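Okay, structure first, notes after.
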Ligand SMILES: [Zn+2]
């Protein structure tokens, strides 16, 4: 059974009550190891995640070919759930109880440098997860000689602010699709993106926009902004058009070399055509990206994008936003998604459908879309 944080609080509450009835006992609020896992992150980083029932107070100790994570006031747990990914720098992981501290010793394939503070974060409990200590690192040239560093101060939480890059589709000389009533895609999606930016900032995210006004930007430049800002998530916001005016509803796209269906291919052709207005080097750009990314990293980015897209579709469904007939999540060779950043292209609805054109223009419907997207980002597991 997975003890949720709520359960744990209840159990603690019960303990406090019965403590008064029992002979004097020491009730040390010990931290429990819940799970450990490794993964490969974009950029070829190895990630170690240690999940504990309470906020971990940790110290990192660097050995010749080992990284030891010392977590104070925590008990060894040999039945903790573990998940080890292949292709990481971690060869094996063992636990040792040293006094009241738990030592998690990761045997490494290659030496590493001291891990910078911004590569270490503590995530707050969410959904089924308890506190997670997340450590990212790469192989290093000047390995640290057995030293202790990066001890944290549990009173100053090192919670990382995740970075989201929002891309309002089209802009400037490229209006995107245009509804029968004259509504331009570039205008609607910019309005949604602005609302989304303030809602996400309120929710504690760091947000950048590829364009914040009516400017034309090449697709590759949009993807490059996500790279430059070291985004954790990239969202391209669009509205759709279909030759059949009865077609309506949202759909969400992730990047793949092959389209998942004919409609997805048509959509990729239409969205990628934005760059044909201006001759761009996206063919060569995508080749560069392909060279820069190993197959394993590409796989990691694709999996994270897929996970986000599925969660986003669920949030839209729950909010009662109409879904386009067929699968909610589709795949297409979309130029704007070609980067090392996980992400998706959201088609909010159809401007070619008269009823949806009207709806997409209203502030209340835009707010509904924004609330669903914020929910999907809050629920998205930014690690492994
Ligand atoms: Zn579009």
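Just one of the numbered conditions (1) over 24 Å from residue 376 (Cβ atoms); (2) buried (at least 16 other Cβ atoms within 10 Å of the Cβ); (3) away from the ligand (no atom under 16 Å from the Cβ) is not true of residue 246: (2).
Considering (1) within 16 Å of the ligand (Cβ to nearest atom); (2) outside any loop (DSSP other than H, G, I, E, B), the lone condition that residue 176 does not fulfil carries the number (2).
What number of residues within segment 44-53 satisfy the criterion of being at pLDDT 90 or above and not in a strand (DSSP E or B)?
Step one: of segment 44-53, the residues at pLDDT 90 or above are 46-53.
Adding the requirement that they be not in a strand (DSSP E or B) leaves 53.
Residues meeting the conditions: 1.
The set of residues from segment 317-339 being under 18 Å from residue 166 (Cα atoms) and in contact with a helix residue (DSSP H, G or I) (Cβ under 6 Å, 6 or more places away or on another chain) comprises 334, 335, 336, 338, 339. Do we find that residue 79 is surrounded by fewer than 14 Cβ atoms within 10 Å (Cβ to Cβ) and in a strand (DSSP E or B) in this structure? The answer is no for residue 79. Selection of helices (runs of 4 or more DSSP H) fully inside segment 278-384 by the criterion of at least 1 residues being modelled with pLDDT of 90 or more and closer than 28 Å to residue 85 by Cβ returns 295-318, 363-379.
Name the residue, out of 223, 264, 273, 268, that is within 16 Å of the ligand (Cβ to nearest atom), exposed (fewer than 14 other Cβ atoms within 10 Å of the Cβ) and assigned to a helix (DSSP H, G or I). Show your work before the answer.
Values: 223 fails: exposed (fewer than 14 other Cβ atoms within 10 Å of the Cβ); 264 fails: exposed (fewer than 14 other Cβ atoms within 10 Å of the Cβ); 268 fails: exposed (fewer than 14 other Cβ atoms within 10 Å of the Cβ).
On inspection, the qualifying residue turns out to be 273.
The values are calculated or read from the model by the stated rules, or taken from the named source; none is laboratory data. For clarity, every value in this text was computed on a predicted model and none was experimentally measured. Every residue, glycine among them, receives a Cβ derived from its backbone with ideal geometry; neighbour counts consider all protein chains shown.
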